[in-house]
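Q: Below you'll find the structure I mean.
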Amino acid sequence: MENISYIGLSQQMALHHLMDVTANNMANMNTPGFKAQSILFKEYLNKTKDDGEKISQVEDFGTYRDVSQGTLTQTANHLDFALQGDGYFAVQTPSGVRYTRDGSFSLNSKGEIVTKTGYQVLSDGGSPLTVPAGTTTISASETGTLSSDKGSIGKLKIVTFGNDQTLTPVGNNLLDARTAQEKPVDKPHVAQGMLENSNV
């Protein structure tokens, strides 16, 4: 009976984790650039104390992020940007540089391009992107170079990683690279006035 209880408990723990991940996916169905996560399960064999018989238990040993492209929605907002293909926008947070596929940006009081939570969007040189005062129009090339009727703004920092699964979600639709090394995307594809939808 004790062994049967352990088997049932292992299944319930795995299902609880699955429910948490599923709930998070559903909560972010309308979050631009959000990537759905799935649970990875495996069989865990354990021996009983009495006769050494092997019993099969369930173990959830990690999560997997679906990095497939989400559909694009046109917004007509000049500070909305969607990435097509590989890449992440780099933003400056109090905890360091973080990465996102959510290109729903705006301007702060300093004229800096920022995320919804106010984090500065970085240029390929690592500095905040600042829009000149009095600007009325902003345009972006397919490679992410921004310009305005008042002059050049800079180029969006768009990077990729050898293995996207090493990136860790840290809230606010941001990812932490930790020890993963970023590298610039050779030929980024940026669509202005559009947002990438969640792929949930």
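Q: Grab the strands (runs of 3 or more DSSP E) fully contained in the range 136-197, keeping just those with 2 or more residues being closer than 17 Å to Arg101 by Cβ.
A: 158-160, 168-171, 174-176, 190-192, 194-196
Q: Looking at (1) part of a strand (DSSP E or B); (2) modelled with pLDDT of 65 or more; (3) surrounded by 15 or more Cβ atoms within 10 Å (Cβ to Cβ), which is the only condition Leu40 fails?
A: Only one criterion in (1) part of a strand (DSSP E or B); (2) modelled with pLDDT of 65 or more; (3) surrounded by 15 or more Cβ atoms within 10 Å (Cβ to Cβ) is unmet by Leu40, namely (3).
Q: While we're looking at this one, here's another question. Just give me the residues in the range 83-109 being open to solvent by 30 Å² or more (accessible area, probe 1.4 Å) and under 23 Å from Ala36 (Cβ atoms), in sequence order.
A: Gln84, Gly85, Asp86, Arg98
Q: Let me ask you something else. Taking Ser147 and the conditions (1) free of Cβ contacts under 8 Å to residues at least 12 places away in the same chain; (2) open to solvent by 60 Å² or more (accessible area, probe 1.4 Å), which numbered condition does it fall short on, given that it satisfies the others?
A: Exception for Ser147: condition (2).
Q: Are there any pairs, at least 6 apart or on different chains, whose C-beta atoms fall under 6 Å, with the first in the range 87-100 and over 18 Å from Asn163 (Cβ atoms) and the second of a type in the set (S, T, N, Q), and if so, which?
A: From residues that are over 18 Å from Asn163 (Cβ atoms), the pairs are Phe89/Thr100; Val91/Thr115; Gln92/Gln120.
Q: Another question, then. Which number in (1) under 22 Å from the mean Cα position of the chain (by Cα); (2) surrounded by 12 or more Cβ atoms within 10 Å (Cβ to Cβ) marks the one condition that Gly154 misses?
A: Failed condition: (1).
Q: Quick check on the range 187-200. Is at least one of its residues buried (at least 16 other Cβ atoms within 10 Å of the Cβ) and more than 17 Å from Phe81 (Cα to Cα)?
A: yes
Q: Which residue out of Gly171, Gly118 is without any contact (Cβ under 8 Å) to a residue 24 or more places away in the chain, closer than 28 Å to Tyr64 by Cα and not hydrophobic (A, V, I, L, M, F, W, C)? Talk me through it step by step, then tell me what you get.
A: On the way: Gly118 fails: closer than 28 Å to Tyr64 by Cα.
Only one candidate qualifies: Gly171.
Q: Still on this structure, please answer the following. Across the range 163-186, which residue is farthest from Leu72 (Cα to Cα) among those that are among the acidic types (Asp, Glu) and open to solvent by 40 Å² or more (accessible area, probe 1.4 Å)? I'd like the intermediate steps shown before the answer.
A: Taking the range 163-186 and keeping what is among the acidic types (Asp, Glu), we get 164, 176, 182, 186.
Now drop any that are not open to solvent by 40 Å² or more (accessible area, probe 1.4 Å), which leaves 182, 186.
Working: Glu182: 25, Asp186: 22 Å.
Selected residue: Glu182.
The values are calculated or read from the model by the stated rules, or taken from the named source; none is laboratory data. Keep in mind that this is a model prediction, so the values were computed, not measured. Note that we place each Cβ from the backbone using ideal geometry, even for glycine, and neighbour counts take in every protein chain shown. Just so you know, the surface numbers come from the protein's heavy atoms only, side chains and all, with ligands and any DNA or RNA stripped out. Shrake-Rupley method; radii C 1.70, N 1.55, O 1.52, S 1.80 Å.
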